[in-house]
1. Please arrange Met287, Met78 by how many other C-beta atoms lie within 10 Å of their C-beta, fewest to most.
2. Let a ≥ b ≥ c be the square roots of the eigenvalues of the Cα gyration tensor of region 148-262; is it rounded (a/c under 1.5), or, if not, prolate (a/b larger than b/c) or oblate?
3. May I ask you to derive the relative contact order of region 1-58, considering only C-alpha pairs under 8 Å and at least 6 residues apart, and to give it as an integer percent?
4. Give me the net charge of Lys372's neighbourhood, meaning all other residues with Cβ under 12 Å from the Cβ of Lys372; Lys, Arg count +1, Asp, Glu -1.
5. To make sure I understand, if each residue's beta carbon is the centre and we count other beta carbons within 10 Å, what order do Met54, Met67 fall in, fewest to most?
6. Label region 1-70 by shape, choosing from rounded, prolate and oblate, from the square roots a ≥ b ≥ c of the eigenvalues of the Cα gyration tensor; if a/c is under 1.5 it is rounded, and otherwise prolate applies when a/b is larger than b/c, oblate when it is not.
7. Test of understanding: ordering Arg226, Arg249 by Cβ neighbours within 10 Å, fewest first, what list do you get?
8. What list of ³J(HN,Hα) couplings, whole Hz, do you get for region 287-295 from phi and the Karplus terms 6.51, -1.76, 1.60, once you set θ to phi - 60° and write x for glycine and proline?
Amino acid sequence: MKQILLFGAGKSATSLIEYFLVNAVAENWHLTVVDASMDLVKEKTGNSTHGTAMAFDINDDVKRKEMIGNADIVISLMPPFLHILIAKDCLSAGKNLLTASYVDEQIKELKAEIDQAGLLFLCEMGLDPGIDHMSAKKLIDDIQSDGGKITSFFSHCGGLVAPESDDNPWHYKISWNPRNVVMAGKAGAIFKQEGEIKEMEYEDLFLDKRYVSIPGAEPLCWYPNRDSLSYIPTYGLEETATFIRTTLRHPDFIYGWKNVIDLKLTTEEKMYHTDGKSLMQFFKEHMELNGFSEWLQQKLHDQFDSTKSLLSELVNLVKLEEEAAKKGIDPVEEFMMVDDKGDLQNIDIDHLKISAAATLADRMHDANLTLKQLFYLGLDDEQTLIDKGHCSAADVLQFSLEKKL
């Protein structure tokens, strides 16, 4: 019987544990799951006779090495900075290792020893990174085998909410480490676009809604991943002018997370005492410190001002068409204008009206969404106590996301 050892029983491990236990009899597997929380492991393994629940501190060298020594294969779904402990033990014990995380510098430094030992350390085997790599490489190979040339490459990937479970104004559910959700994008992004290396700061990642069409679904939005450049040689696309790996989110999430950043809710400085304090009390304290009233007033003013201006222009365009029709003048169907790049473009009047109406509706939607999303996170929640001691705003945001999403 093959002994599978899995470190980590968090949200990312749920489906994997279920898969192993369901297929254990047919494949002659036995799964051992290790986590710091016995309750969490038992919740995931249930009463299955094909799974063993164990709990100990991953920093316990003796116990960790003993477990790895008895396994046929090891999987780590621990936080990335802990992979190196498990990797070194696997190397010493001659065990193959799988992880879902990016290959960091510490793991890279072991490459020569791993190769010499004839072991397989297979990292980036999750959704992103993982499935996105494999599906992208297949497309690239198919195109190139047919003699095609790739001039632009976008890889869009994200864990999205099933339509039947999409029941909150963020259109998001926590399916992985909540801390990673809070910290996502903090390092900014670097990518290649139209032959130039572009860098983007954290504050700008969520500034715009960059739409992508999904067949059979509503459009989604993307923001660039931390480092696209390191994958260019891996994919063999050095000559490609644009290379961007991205994360997909609902447009409302992109809009809302920009507000979260502006309100400094991802700040990591520990400055709040949360014992006995409700979410509403925290938000009141934090918002007062960060000028929430002024921010909200300016936010709504800008949105309504631009909406009013756009609506006025749309009404004027319709009136001009009506006046022309009364005078028997044929309506103008197209006109030419200079775009942002200085090029002349033919503009279809009907398309312009539809586009303006869609933009108007989007801005009105966003204005309504601003407070709705914040209230959902607990802006008016007097009942939920934080009780996490000395915290940063990011700590409390993580707590709120875990409770609400």
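1. Ordered by Cβ neighbours within 10 Å, fewest first: Met287, Met78.
2. Details: a/c = 2.06, a/b = 1.52, b/c = 1.36.
Because a/c hits 1.5 or more and a/b exceeds b/c, region 148-262 counts as prolate.
3. With pairs under 8 Å counted, the relative contact order is 37 percent.
4. -3
5. Lowest to highest Cβ neighbour count: Met54, Met67.
6. Oblate is the answer for region 1-70, as a/c is 1.5 or above yet b/c matches or exceeds a/b.
7. Numbers: Arg226 17, Arg249 24.
Going from least to most buried by this count: Arg226, Arg249.
8. Result, ordered by residue: 5, 5, 5, 10, x, 4, 4, 5, 4 Hz.
No lab work stands behind these numbers, since they all come straight from the coordinates. Computed from a prediction, not measured in an experiment: that's the story for all the values here. Reconstructed Cβ throughout: ideal geometry from the backbone, glycine too, with neighbour counts over all protein chains shown.
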